[in-house]
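The values are calculated or read from the model by the stated rules, or taken from the named source; none is laboratory data. Bear in mind that the values here come from a model prediction, so they are computed numbers and not experimental data. So basically every Cβ, Gly included, is an ideal-geometry build from the backbone, and we count neighbours across all protein chains shown.
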Amino acid sequence: MDHASRELAADIPVGPLEARKEESVLAAPNPFVHAVYVATLAFQDGRRDGSDELFLRHALDVAQALGPEATVVELSTAVLHDVLEDTDWTRDDLAEAGIEVTVMDAVETLTRRPAEEDERFVARICATPGEVGAVAKRVKLADLTVNLANAESDEERRRFERAIPVVQAAVERSAEREVSGGL
């Protein structure tokens, strides 16, 4: 977290969460709202993506694309999914801000590694096991869907169109495992 973010965070009261932070991160009245607040801090400099859209708007669009059945963990991960990749924030900053471990793990999974090609990036996300993997896959599918809708070139569209069926299949396999009790 940069100095300006720390100052802003120190000046803005977070209400009941601040008083109960030491009790439990889960004691927050609404962890999703808190994640939006943290994303706002991370993107407070008005960062914009390649299409000149505010990163925060993109993050909210990804959360919206998850649909009405999305869990709080999925929604929180969606609004934070680009924070580690596109800001100077670190996992430690997210932890310091009170973000739940599962959300931090999913955000790390969704963070592209240096020089990681699209296919490897998608394969790594799709291979992530457990709850973190299931969350990361659902958020990545929503992210790809939003990115496809906003693609600015045929090449971008082709990249997203190649990745969507791979991630969709992984999401379906995760859902089947969940229904069958992990067998």
Quiz prompt | Residues within region 31-63 that are exposed (fewer than 14 other Cβ atoms within 10 Å of the Cβ) and either modelled with pLDDT of 90 or more or assigned to a helix (DSSP H, G or I) (or both), tallied | solution = 1
Practice problem: Hey, could you check region 82-98 for residues that are outside any helix (DSSP H, G or I) and within 19 Å of residue 139 (Cβ to Cβ) and say which is modelled with the lowest pLDDT? | Solution: 87
Exercise. List every residue pair whose Cβ atoms sit under 8 Å apart, with the two residues 6 or more apart in sequence or on different chains, where the first one lies in region 107-136 and is more than 19 Å from residue 179 (Cβ to Cβ) and assigned to a loop (DSSP other than H, G, I, E, B) and the second, anywhere, is aromatic (Phe, Trp, Tyr) and modelled with pLDDT of 95 or more.
Key: 112/121; 113/121
Quiz item: Restricting region 72-103 to residues that are surrounded by fewer than 20 Cβ atoms within 10 Å (Cβ to Cβ), over 12 Å from residue 36 (Cβ atoms) and among the hydrophobic types (A, V, I, L, M, F, W, C), which is farthest from the chain's Cα centre (by Cα)?
Solution: 95
Quiz item: If you check residue 116 against the conditions, is it touching a helix residue (DSSP H, G or I) at 6+ places or on another chain (Cβ under 7 Å), at pLDDT 95 or above and surrounded by fewer than 20 Cβ atoms within 10 Å (Cβ to Cβ)?
Solution: no
Quiz item: Out of curiosity, is residue 151 surrounded by 14 or more Cβ atoms within 10 Å (Cβ to Cβ) and assigned to a loop (DSSP other than H, G, I, E, B)?
Solution: yes
Quiz prompt | Residue tally, condition farther than 20 Å from residue 170 by Cβ and touching a helix residue (DSSP H, G or I) at 6+ places or on another chain (Cβ under 7 Å), over region 142-159 | solution = 2
Quiz item: Checking residue 163 against (1) within 14 Å of residue 62 (Cβ to Cβ); (2) crowded, with 21+ Cβ neighbours inside 10 Å, which test does it fail?
Solution: (1)
